[in-house]
Amino acid sequence: MTDAHGAQPDGVRIAATADVDERATIRSGTRVWHLAQIREDASVGRDCVIGRGAYVGPGVRLGDNVKLQNHALVYEPAELADGVFVGPAAVLTNDEYPRAVTPEGRLKGGADWTAVGVVVGEGAAIGARAVCVAPVAIGRWALIAAGAVVTRDVPDFALMVGVPARRVGWVGRAGEPLAAKGDGRYVCPRTATEYHEQAGRLTELPPPAG
């Protein structure tokens, strides 16, 4: 287990009971806790936290500052950008048409299906026990509520709830619901950052000049 340059990374902490394949890449500052499993050819960025019992599948890509909470399951070929949060027992699937056996009744192997992944944008958060059904893309800074089931792509900053998940509002980078100001404008109650909605998409506005 080395970093991208083939050296042992600094500050990596891996619990003795974790199962990290020697072909995985773990970058500096990352912590891997009790009973977590990181499979072959997975890439984990800097300063990540891989919680107890979490699973990172073969070839999965995690950016920097990613948090996988206890028993989160991230199946290949998922890609998570910097700052993504995956809550306890959340699942990112990879089989569009799941079956244990072929139509002839033979146990399926790796060559009998094509894995499809979930792509999660920067800063997005997936709540506890939520399920993201591949193939879907979760937009930047979106928030998926606990227990939601995502079956369609999610726009940036969307607040998604329910089964199947539907958008019920917008959130900012702080994760709090945005307050409507009228004329398609919203404001974050914590940071005072303003946003504009148009055609079902939300754009973060630059701060006022001066």
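Among the residues of region 1-24, those that are in a loop (DSSP other than H, G, I, E, B) and either modelled with pLDDT of 95 or more or aliphatic (A, V, I, L, M) (or both) comprise MET1, ALA4, ALA7, VAL12, ALA15, ALA16, THR17, ALA18, ASP21, GLU22, ARG23, ALA24.
Within region 25-61, being in a loop (DSSP other than H, G, I, E, B) and of a type in the set (Phe, Trp, Tyr) holds for one residue alone: TRP33.
Among the residues of region 126-143, are any among the basic types (Lys, Arg) and within 15 Å of the chain's Cα centre (by Cα)? Yes, there is a match, as at least one residue in region 126-143 is among the basic types (Lys, Arg) and within 15 Å of the chain's Cα centre (by Cα).
Among the residues of region 194-210, the ones that are surrounded by 14 or more Cβ atoms within 10 Å (Cβ to Cβ) and more than 22 Å from the chain's Cα centre (by Cα) come to 4 in all.
For region 80-93, check the following and say yes or no: at least one residue is within 20 Å of PRO135 (Cβ to Cβ), in contact with a strand residue (DSSP E or B) (Cβ under 6 Å, 6 or more places away or on another chain) and not hydrophobic (A, V, I, L, M, F, W, C). No, every residue in region 80-93 fails to be within 20 Å of PRO135 (Cβ to Cβ), in contact with a strand residue (DSSP E or B) (Cβ under 6 Å, 6 or more places away or on another chain) and not hydrophobic (A, V, I, L, M, F, W, C).
Annotation note: Cβ proximity below 7 Å between a residue of region 134-154 that is without any contact (Cβ under 8 Å) to a residue 24 or more places away in the chain and a residue that is acidic (Asp, Glu) (sequence gap 6+ or interchain) occurs for VAL136/ASP153; ALA137/ASP153; GLY139/ASP156. Just give me the residues in region 126-149 being aromatic (Phe, Trp, Tyr) and within 10 Å of ALA165 (Cα to Cα), in sequence order. Across region 126-149, there are no qualifying residues. Exactly one residue out of TYR97, TYR55 is exposed (fewer than 13 other Cβ atoms within 10 Å of the Cβ) and touching a Phe, Trp or Tyr at 6+ places or on another chain (Cβ under 8 Å), and it is TYR97. Restricting attention to region 62-103 and to residues that are of a type in the set (Val, Ile, Thr) and in a strand (DSSP E or B), the residue that is farthest from the chain's Cα centre (by Cα) turns out to be VAL101. State which residue is surrounded by the most Cβ atoms within 10 Å (Cβ to Cβ) when the search covers only region 154-189 and only residues that are within 24 Å of the chain's Cα centre (by Cα), over 16 Å from GLY123 (Cα atoms) and charged (D, E, K, R). Of everything passing the filter in region 154-189, ARG167 is surrounded by the most Cβ atoms within 10 Å (Cβ to Cβ).
Taken together, the criteria place VAL44 among residues that are surrounded by 20 or more Cβ atoms within 10 Å (Cβ to Cβ), within 22 Å of VAL131 (Cα to Cα) and of a type in the set (A, V, I, L, M).
The values are calculated or read from the model by the stated rules, or taken from the named source; none is laboratory data. These figures come from a predicted structure and were not determined experimentally. No Cβ is skipped: glycine too gets one built from the backbone with ideal geometry, and neighbour counts run over all protein chains shown.
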